[in-house]
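First up is the structure itself, then whatever we jot down about it.
Nothing in this text is a laboratory measurement; each read-out follows from the coordinates by a stated rule. On a predicted model such as this, the values are computed, not experimentally measured, just so you know. Note: ideal-geometry Cβ built from the backbone for every residue, glycine included; neighbour counts use all protein chains shown.
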Amino acid sequence: MNTDPSTPLIELSGIHKTYSDGALRVHALRDVTLKVGRGEFVTIMGPSGSGKSTLLHILGCLDHPSTGSYRFDGADTSAFSDWELARTRNRRIGFIFQSFNLLLRETALENVCLPLMYAGEPDAAKRSREALTKVGLAGRVEHRPGQLSGGEQQRVAIARAIVKRPDVILADEPTGNLDTQVGHNIMDVFRSLHTDGLTIVLITHNPEVAALGTCQLRLRDGELREMAAPPAAR
């Protein structure tokens, strides 16, 4: 881990991502440059097909850029072995998706415990209870996903992401499957996590959600730009 606080946690430089299908070439990302410092809350807004998921996959070390460089905490990810990429994903990056991706037969506590158990971490149950309490689910730890509302399921997913104590949370449309009020409640959780010092990069198509970021960016046709006129927060 880099101990220099001036080093960006995330640094993309000239990132291009191109997919080829025979003679067809699709440019998903075009010359994307981005720096995210520790403790920032970055929101990236864009319509469907703008390259949001591709960008998130690269940030999460799930995919490689076609050209350009990605440095995570000062280290060039192109030099990482498969083991180092997996370790970075498992220990240093927390993922939150639009679909909650919970195991239906497991309780909220068991779902949150899973990443700690896979990593062989001690005190998995204790840390998982603490994470669930942090997102307001102290009284729902023994409930299975089918016994929880959509908003509660997303809170379980957030607890599962933060229980590893990651360096950064990557969230892909975390309010996309929720109604407006529940979405507001979930964003209150993200605000609280940011206040506690967690670094967050959140992808959304919702201007209201995008307005909550301390840094607000727009992705269109694979090109990333700073928002010229940020929408008003609620």
Subject >> Residue-span extension gain [Thr195 to Arg38] - 0.36 nm each, minus C-alpha spacing >> reply: 55.3 nm
**OP:** Mind pulling the per residue volume of the convex hull built on the Cα atoms of the stretch 65-157? Å³ is fine.
**Re:** 131 Å³
Subject >> Over the stretch 150-216: Kirkwood hydrodynamic radius from C-alpha pairwise inverse distances, Å >> reply: 12.1 Å
Original post:
Between rounded, prolate and oblate, where does the stretch 111-234 land on the alpha carbon gyration tensor, with a ≥ b ≥ c its root eigenvalues, rounded for a/c under 1.5, else prolate if a/b exceeds b/c?
Top reply: prolate
**OP:** Please label the shape of the stretch 1-98 as rounded, prolate or oblate, based on the square roots a ≥ b ≥ c of the eigenvalues of the alpha-carbon gyration tensor (a/c under 1.5 means rounded; beyond that, a/b larger than b/c means prolate, else oblate).
**Re:** prolate
**OP:** Report the residue, chosen from Ala161, Ala210, Ala125, that carries the largest GNM mean-square fluctuation when the chain is represented by alpha-carbon nodes joined by springs under 10 Å.
**Re:** Ala125
Subject >> Scattering profile of the chain at q = 0.17 Å⁻¹ [log10 I(q)/I(0), Debye over alpha-carbon scatterers] >> reply: -1.30
**OP:** Classify the stretch 106-149 as rounded, prolate or oblate from the Cα gyration tensor: take a ≥ b ≥ c as the square roots of its eigenvalues, call it rounded if a/c is under 1.5, otherwise prolate when a/b beats b/c and oblate if not.
**Re:** oblate
**OP:** Please identify every one of the GluC sites (Glu not before Pro) in the stretch 142-234 that sits in a loop by DSSP and has no more than 14 other beta carbons within 10 Å of its own beta carbon.
**Re:** Glu142
Subject >> Theoretical gain in end-to-end length, His184 to His57 [0.36 nm per residue, Cα-Cα removed] >> reply: 43.2 nm
